[in-house]
1. With the condition kept exactly as written, say whether any residue in segment 46-58 is surrounded by fewer than 20 Cβ atoms within 10 Å (Cβ to Cβ), farther than 30 Å from ALA281 by Cβ and at pLDDT 75 or above.
2. In segment 88-104, what residues are more than 13 Å from the ligand (Cβ to nearest atom), under 30 Å from LEU201 (Cβ atoms) and surrounded by fewer than 19 Cβ atoms within 10 Å (Cβ to Cβ)?
3. Using the structure shown, decide if GLY265 is in a helix (DSSP H, G or I), free of Cβ contacts under 8 Å to residues at least 60 places away in the same chain and either over 26 Å from GLN294 (Cα atoms) or more than 11 Å from the ligand (Cβ to nearest atom) (or both).
4. Select from segment 109-154 the residues that are modelled with pLDDT of 85 or more, farther than 20 Å from MET197 by Cα and within 10 Å of the ligand (Cβ to nearest atom) and list them in ascending order.
5. Among the residues of segment 268-278, what is the count of those that are touching a residue at least 40 places away in the same chain (Cβ under 8 Å) and farther than 16 Å from LYS308 by Cβ?
6. Could you list, in sequence order, the residues of segment 117-172 that are touching a helix residue (DSSP H, G or I) at 6+ places or on another chain (Cβ under 7 Å) and not in a helix (DSSP H, G or I)?
7. Could we say that VAL126 is of a type outside the set (Asp, Glu), over 20 Å from VAL228 (Cα atoms) and surrounded by 14 or more Cβ atoms within 10 Å (Cβ to Cβ) here?
8. Residues that are within 16 Å of the ligand (Cβ to nearest atom) and either within 24 Å of VAL223 (Cα to Cα) or among the hydroxyl-bearing types (Ser, Thr, Tyr) (or both): list the helices (runs of 4 or more DSSP H) wholly contained in segment 270-384 that include at least 2 such residues.
Amino acid sequence: MAGVLLWVVCPKGNATAMLSLIPRSGNKPKKRSFNGVSAVSSAVANPARSSEERVYDVVLKQAALVKEQRGRKALDLEKRDEKTDGFSAWDVLNEAYDRCGEVCAEYAKTFYLGTLLMTPERRRAVWAIYVWCRRTDELVDGPNASHITPRALDRWEKRLDDLFEGRPYDMLDAALSDTVSKYPVDIQPFKDMIEGMRLDLVKSRYMNFDELYLYCYYVAGTVGLMSVPVMGIAPESKSSVESVYNAALDLGIANQLTNILRDVGEDARRGRVYLPQDELARFGLSDDDIFRGQVTDRWRNFMKDQIKRARMFFDEAEKGVSELNSASRWPVWASLLLYRQILDAIEENDYNNFSKRAYVGKVKKFASLPVAYGRALMGTSKLI
Ligand SMILES: CC(C)=CCC/C(C)=C/CC/C(C)=C/CC/C(C)=C/COP(=O)(O)OP(=O)(O)O
């Protein structure tokens, strides 16, 4: 896989040297200015490489894979239709995908409805990815989370390797195994999501935004990178593949930042603070203020800044949605608009995210759906 990336980046020259130059020489990753400083604040404190630059390597790798596989024919499912005991691989696979659809319908209703607009092939591939992410998340967040160990995560990663090599462990894995054999999905974002779970086992504080950015990439940005190869980029899109992947990554980051801001109180009750410590200090705040849970002016000002940054990531993401295949745009717009409104809800709660859960009411939710549909109908945008 690395060979593909290096070939694309540097067909003839010194690939390693070229790679380390990309973020600094090009304008990617974009340096987001946030209150006059880079949004990824410790890029300055850490002269080596910022998280944003490291994550961008994964974007390039995934984009290279898509370019390589564009035009390559998908595997012909019919060929697998050899019957054993009255059941064919095709029957089993269909059942596996149906089960993935049921899980998606149960846990992510709006998103599931949106996927129904996609082609049947794409829709079930998205379900298979969703289910794997959900199962991964449940290892550390589910009912058995207290028993989870780094070794269990290693075993989960071994299963991942196996399913990417066509050796699924169970039915749900079989659906994903089929999906990754048909779409140009790279294994790295999946491995990185497991890495995020490992991080969650040992880390409960983030010194600066650079550290938090990496965490958000692991647990949510990865989902964006996994989804685009399946959702597909519109054939008429004039944007670069890399910029669409960047937008997908930004949507994952924006969603996760929003999730963090919504759940400050809940996380604090579990002893966790997913907020940059240096930024808290800059506003005269500390962990104690969070555990105390008082909405003060300092807290409001801090929150205004955090919300502003999350919106910046949503803005970047929005530029990429129109570049997706037309049938994939609606579910993405719908989930983007709904999640973005959680930030408005935090404001409406006067920044009390300690004891009041910010949520988007049914009326607003339904009102967003036609808006999302309208945006999805608009064609691909300008070059980005
Ligand atoms: C923008 C472009 C070009 C493509 C879209 C690419 C996609 C689908 C990006 C979305 C990434 C995504 C869904 C990340 C997960 C983010 C997240 C914080 C999910 C929260 O999940 P739950 O914890 O179940 O949420 P609730 O707690 O709100 O129910």
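1. For segment 46-58, residues surrounded by fewer than 20 Cβ atoms within 10 Å (Cβ to Cβ), farther than 30 Å from ALA281 by Cβ and at pLDDT 75 or above: present.
2. ARG99, GLU102
3. Here the answer is no, as GLY265 does not meet what is asked.
4. Listed by number, the list holds a single entry, VAL126.
5. 7
6. LEU117, MET118, THR119, ILE148, GLY166, PRO168, TYR169 - these are the residues of segment 117-172 that are touching a helix residue (DSSP H, G or I) at 6+ places or on another chain (Cβ under 7 Å) and not in a helix (DSSP H, G or I).
7. No.
8. 297-321, 326-348, 362-377
The values are calculated or read from the model by the stated rules, or taken from the named source; none is laboratory data. Given the structure is predicted, the values throughout are model-derived calculations rather than measurements. Here Cβ is always computed from backbone atoms with ideal geometry, including for glycine, and neighbour counts include all displayed protein chains.
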